[in-house]
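Visitor: Sharing a structure with you now.
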Amino acid sequence: MKISDWLDAQEADNQDITTIEVPKTMFYKEDPDETLYYQEIQPCGLFCTKDHPFATVVRYGHWFYARGRDKDQGTHSSQPEWRMFTRDKELAIQTARSHIEND
């Protein structure tokens, strides 16, 4: 089953899609159709293996998946990622930018 079909089924069951957690195996089996936005803040260099703030928006069918790690948490934060599914492309990109870019 495709991620977009799974999300449609969950939405039909009145689940809150914005913060739903898709099974990891589904992400492993399906590549996104398109990457719309990606930014990472990694001032320490290319070979640093620690966690860094980032934001990305990808599309699975008619669903947009925005996720990342907040810039406000610091350069090497291990804080959990935020995530959001939506059908609104502009909302997904705006949300990702608000988490990573300076105002």
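Bear in mind that the values in this text are calculations on the coordinates, not laboratory data. In this text the structure is predicted, and so the values were computed from the model without any measurement. Positions of Cβ are backbone-derived with ideal geometry, glycine not excepted, and every protein chain shown enters the neighbour counts.
Visitor: Where does each of E90, E81 land when they are ranked from fewest to most other beta-carbon atoms within 10 angstrom? Don't jump to the answer; show the numbers that get you there.
Guide: Values: E90 9, E81 12.
Ranking E90, E81 by Cβ neighbours within 10 Å, fewest first, gives E90, E81.
Visitor: Would you mind computing, in nm to one decimal, how far apart the modelled labels at Q94 and C44 are, each placed 7 Å from Cα along Cα→Cβ?
Guide: 3.4 nm
Visitor: Here's another thing I want to ask about it. Tell me, H52, H76 in order of fewest to most beta-carbon neighbours within 10 Å? Intermediate results must be reported in sequence, preceding the final value.
Guide: Numbers: H52 18, H76 12.
The order, fewest Cβ neighbours first, is H76, H52.
Visitor: Length gain on complete extension for the stretch K29 to W82, per 0.36 nm per residue less the alpha carbon to alpha carbon distance?
Guide: On the way: separation 53, 0.36 × 53 = 19.08 nm, distance 2.18 nm.
Computed gain between K29 and W82 is 16.9 nm.
Visitor: Ok, one more. List every residue whose amide H lies under 5 Å from the amide H of L36, counting only residues 5 or more places away in sequence or on a different chain, with H placed 1.01 Å from N in the peptide plane.
Guide: Residues meeting the criterion, in which the H sits 1.01 Å from N, are V57, V58, R59.
Visitor: Additional query: How high is the relative contact order of the chain, in percent, with contacts defined as C-alpha pairs under 8 Å that are six or more residues apart?
Guide: Details: 171 pairs, mean separation 26.1, N = 103.
Rounded, it is 25 percent for the chain.
Visitor: Lysines within cross-link reach of K29: Cα-Cα under 28 Å, excluding same-chain residues under 8 positions apart?
Guide: In chain and number order, the partners are K2, K50, K89.
Visitor: Over 16 Å, how big is the tail of the calculated P(r) for the chain, in percent of all Cα pairs? Can you show the working numbers first?
Guide: Working: 3112 of 5253 pairs.
Of all Cα-Cα distances in the chain, 59 percent exceed 16 Å.
Visitor: Going by how many other beta carbons lie within 10 Å of each one, how would you line up Y38, Y28, fewest first?
Guide: On the way: Y38 13, Y28 8.
Taking fewest neighbouring Cβ atoms as first place, the list is Y28, Y38.
Visitor: For the chain, find the longest principal axis of its Cα atoms and tell me its angle to the long axis of helix 3-12, 0 to 90°, nearest 10.
Guide: Relative to the chain, helix 3-12 is tipped by roughly 60 degrees.
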